[in-house]
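Here's the structure, in structure tokens; my notes come after.
Coordinate-derived values only; no laboratory data. Predicted, not measured: the structure shown is a model, and the values here were computed from it. All Cβ positions, even for glycine, are placed from backbone atoms using ideal geometry, and neighbour counts span all protein chains on display.
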2 protein chains.
Amino acid sequence: MAETDLSLRDADPLEERVQGEGEQFDDENRLTPAFVRAVRESLSDDNEDSTYDLVEPLHPADIADLFELLEKNERGLLAAAITDLMSGEVIAELNDYVREDMVEALSAEAVAGIVEQLDTDDAVQLIEDLDDEDQRAILAEVEPEERAAIESALAYPEETAGRLMQRELVAVPEHMSVGDLIDYLRSDDDLITEFWEVFVVDHRFHPVGSCQLSWILRTPRDIALTDVMKRDQTLIPVDMDQEEVALRFQKYALISAAVVDESGRLVGQLTVDDIVHIIQEEASEDTLLLSGAGEGDINEPLREAYSARVRWLIANLGTAVVASAIIAFFGGAIEQLVALAVLMPIVASIGGNAGTQTMAVTVRAIAMNQLTRSNTGRILWRELRVALMNGATIAVLIGLAVGALFSPPLGMVIAAAMIVNIIVSGMAGVLVPVAFERMDQDPAVASSVFVTMITDSMGFFAFLGLAVASGLVTA
Amino acid sequence: MAETDLSLRDADPLEERVQGEGEQFDDENRLTPAFVRAVRESLSDDNEDSTYDLVEPLHPADIADLFELLEKNERGLLAAAITDLMSGEVIAELNDYVREDMVEALSAEAVAGIVEQLDTDDAVQLIEDLDDEDQRAILAEVEPEERAAIESALAYPEETAGRLMQRELVAVPEHMSVGDLIDYLRSDDDLITEFWEVFVVDHRFHPVGSCQLSWILRTPRDIALTDVMKRDQTLIPVDMDQEEVALRFQKYALISAAVVDESGRLVGQLTVDDIVHIIQEEASEDTLLLSGAGEGDINEPLREAYSARVRWLIANLGTAVVASAIIAFFGGAIEQLVALAVLMPIVASIGGNAGTQTMAVTVRAIAMNQLTRSNTGRILWRELRVALMNGATIAVLIGLAVGALFSPPLGMVIAAAMIVNIIVSGMAGVLVPVAFERMDQDPAVASSVFVTMITDSMGFFAFLGLAVASGLVTA
């Protein structure tokens, strides 16, 4: 039940775990290059015993990190050498692509051997990305009961609560007292040993309340469970998207939550340690989406990285062509005053930066449910004022510099163009993501392309157009 | 102990909490504009009772959301109307700036009244951003014991484990049996009621192991605690930075962890529900940092938002000047062929996008400890190949288009410039953040400025330089 194996780290757990200064770890608790090299050499010597001895003292999460630091072909070799160390914790911590590389390098029997030592949710994670044939080959080697549980989890759509949940949980009827519950927990050997809440259900197996274990431990045996439990619990529908699940866990500070099917029956539970990864993923994916880098995982296969990124580069090419067309329209003006060509990228570049700033702020506020219909107007007004302040500052700086180096009229033109562009960029940075969100689209995905198009085009148009309008050049 | 108050939601908890379709909530579980308007009207009517009745049925996390959706001046009014609903959960869920607005609008007595109903960690969060004088005024109203605890927490630097931790925890001596522990938990009325682990300590109050409550509940009374507990626990030093704390919780899937001082004494505990916010913040801050939007919070005071953003716009102005200088150097070439001015922003823009993609991927991999000295070479090689593929694709598209619309030699020049710039951008996107990280700087903060400078300058230089070198124009 409790893990009492004596690992290297136990020699002086405080020193090892707090400082992370064992020879395997650097001062930020990452595996050292020297340690990774040692594992790599041992793998290329085909020495499974020495590999096992090197890896065995590591925490499962560090074993997962080790897999990620190895080359693709080494991942299967390592998995084969340390099969019995491949716990649910290792699987759960592994990067999706790395997990796939590793599983594909193992035989169906070896994978089935790992699957059998895992909880359903971890087993599902291990095999869900394989193709149907490989899945069938592996499941054929697994015991029928475990197989049925895995197959029923795979029947739910990817990235929903049904895929993520674990079926193993503790559910008890309403009539129990605290004492009854403790006796039941001690007597049933088949129960799971790691859980954070007990779910109280009615005769239809619908949840009616939940009990934190600390409440049970602090209450006399003869008190009824219904007097201890919390009735107002957050229930997760089995088809809820994982992003929404992560928001609920975060908002309501949940440690675990009951998952219910369409009829309200308790079918599984989710615990925060599994959700933390999703919170992290969802929170960091906006950076990647805004830059057009797709999933942007360093372990993603080359072809997928290429196709995710080139798509946005091509979209960007389209928007750049719009900007070019505006410049072409003012070709005559540029021939008269080549300084316009020299300065115009400055207006576009600063406008682009201002737009990206506002867009990043807006996308994040939308993702965190902080920006809703109730306050969109206020935020727009706020961003307008920030844009005015930024625009005025930058206009003065660039206006004075260009006025001195080129000519005062050109300084006036670029200053005015800068204010216009920073204001337009600021408004676009709020309105484009908000518009996508209102159309039920992820604002992080396509906002960048539109905001860039607006800031580039408006930058060139305002600058060149004002140069003509002011009589500095003729169109 | 357990929350059994009957709120609106309890009418049919499943329907209300699962669907979030009460009149207060929209289909994404956000407060509706109609509900927010009702609260706002009630506040402006100065009707504290009706405000209280409106807000009382809400979950604490939804009360926090409500504060965020209100105007600045309404936040103090709401807090005054619902003082006794201001639980630790509301405080913990509140945005930092909103919390400050609210606290500043209340009297020292009112804040002290709220502080007294909070755990130390929530109380610290409530007042830590106030100036010293306000803090003293509030603490003077608080009971000495609570005050001492808060003052000692405030003595730790901001954003460290010492500030975040809660002092309330359950620690027991090594010699106890499971039965002794349960009797102790039931008998001591001063103990906290919400905890997830029991810490076992030696006579110096150094942690020697930890017990999940489920292990205790599943074990017979006569078994020794030392046989149930896990010895190999992750200890958090009191001065550890919150980002590092968040990484540990995530990596080792922790629910709670013991915090120890320099001498190894147990001084507090951290629980995952508090850490989840930090994981979210740290993961999403890179988007904001990369865009130069500072903290990028929609509730940040205007002046702070301005100063955070204008700094990066000015830095960007500096890099744009470098790019302009390169264009100026080729002024003669542009006068000969104005098409160069028309097309040059395309090269810079696509290069910038390619650089941003690679930079986003790299920054994220560094933040998640996936990119270390052990695999930097491999990642650089990977990004070089992606850049070659992207560069070739974009070069063919733009080369053919420019060849057809302008002239074949100009098509060749822009195609070659595009390949050069995408490769340079890809390499800069990896090397700049990696260099910052090796110099112990946050790679998300300043990478953008450098990568933009490199991609803009190289874009113009490659395109205009190749136009001259190919003999298309003379310099």
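In units of the rule-of-thumb radius 2.2 N^0.38 Å, the protein assembly as shown shows an alpha carbon radius of gyration of 1.01. Relative to the dominant Cα principal axis of chain A, helix A:443-469 is inclined by about 10°. Per-residue Karplus couplings for the range A:261-275, computed as 6.51 cos²θ - 1.76 cosθ + 1.60 with θ equal to phi - 60°, are listed in order as 8, 4, 8, x, 6, 6, 10, x, 9, 10, 10, 4, 5, 7, 7 Hz, Gly and Pro entered as x.
Between B:GLU262 and A:ALA392, the C-beta separation translates, for a Förster distance of 35 Å, into a calculated FRET efficiency of about 0.10.
Neighbouring Cβ atoms within 10 Å as the yardstick, rank A:ASP297, A:ASP183, B:ASP46, B:ASP190 fewest first. Don't skip to the answer; put the middle values down first.
Values: A:ASP297 22, A:ASP183 13, B:ASP46 10, B:ASP190 5.
With the sparsest Cβ surroundings first, the list reads B:ASP190, B:ASP46, A:ASP183, A:ASP297.
Placing a pseudo-label 7 Å from each Cα along the Cα-to-Cβ vector at B:ASP26 and B:ARG378 gives an inter-label distance of 4.5 nm. With a Förster radius of 60 Å, plug the Cβ-Cβ distance of A:GLU133 and A:ASP183 into 1/(1 + (r/R0)^6) and report the FRET value to the nearest 0.05. For A:GLU133 and A:ASP183, the calculated efficiency is 0.80. Considering only A:VAL434, A:THR219, A:ALA137, the residue lying farthest towards the positive end of the dipole of the protein assembly as shown is A:VAL434, judged by Cα position with unit charges set on Cβ. The range B:338-373 and the range B:128-159 have their alpha-carbon centroids 46 Å apart.
The Cβ shell under 14 Å around B:ILE394 holds other residues with a net charge of +2, Lys and Arg each +1, Asp and Glu each -1. In summary, the lysines within cross-link reach of B:LYS230, defined as a Cα separation below 26 angstrom excluding same-chain residues under 8 places away, comprise B:LYS251.
Work out how much length B:ASN73 to B:ARG167 would gain on full extension: take 0.36 nm times their residue separation and subtract the Cα-Cα distance, in nm to one decimal. Mind dumping the intermediate values first?
Values: separation 94, 0.36 × 94 = 33.84 nm, distance 3.39 nm.
Full-extension gain reported as 30.4 nm.
Given points 7 Å out from each Cα along the Cα-Cβ axis, report the B:GLU104 to A:ALA148 separation in nanometres with one decimal. Label-label distance for B:GLU104 and A:ALA148, simple model: 6.3 nm.
Would you tell me the mean number of C-beta atoms belonging to other protein chains that fall within 10 Å of each C-beta in B:67-77, as a whole number?
Working: counts 0, 8, 8, 3, 2, 1, 0, 0, 0, 0, 0.
Mean partner shielding for this stretch: 2.
Summarising the amide proton neighbourhood of B:VAL267: residues at separation of 5 or more, or on other chains, whose placed amide H is nearer than 5 Å comprise B:VAL259, B:VAL260, B:ASP261.
To the nearest 0.05, what FRET efficiency results for A:GLU116 and B:LYS230 with a Förster distance of 30 Å applied to their C-beta separation? Each step should come with its number before you reach the end.
Details: r = 24 Å, r/R0 = 0.79.
The calculated FRET efficiency here is 0.80.
Listed values for the range A:325-339 are Karplus-derived 3J(HN,Hα) couplings in whole Hz (6.51 cos²θ - 1.76 cosθ + 1.60, θ = phi - 60°), namely 4, 5, 4, 4, 4, 9, x, x, 4, 5, 4, 6, 9, 5, 4, and x replaces Gly and Pro. Inter-chain neighbour count for A:177-184: the average number of beta-carbon atoms from partner chains within 10 Å of each residue's beta-carbon is 1. For peptide A:26-37, the mean count of partner chain Cβ atoms within 10 Å of a residue's Cβ comes to 3.
Basic side chains Lys and Arg get +1 at the Cβ, acidic Asp and Glu get -1 at the Cβ, and with that the dipole of chain B about its Cα centre reaches some 4600 debye.
Where only DSSP H runs of four or more residues are counted, chain A gives -20000 deg cm²/dmol as its mean residue ellipticity at 222 nm, each run worth -39500 (n - 2.57).
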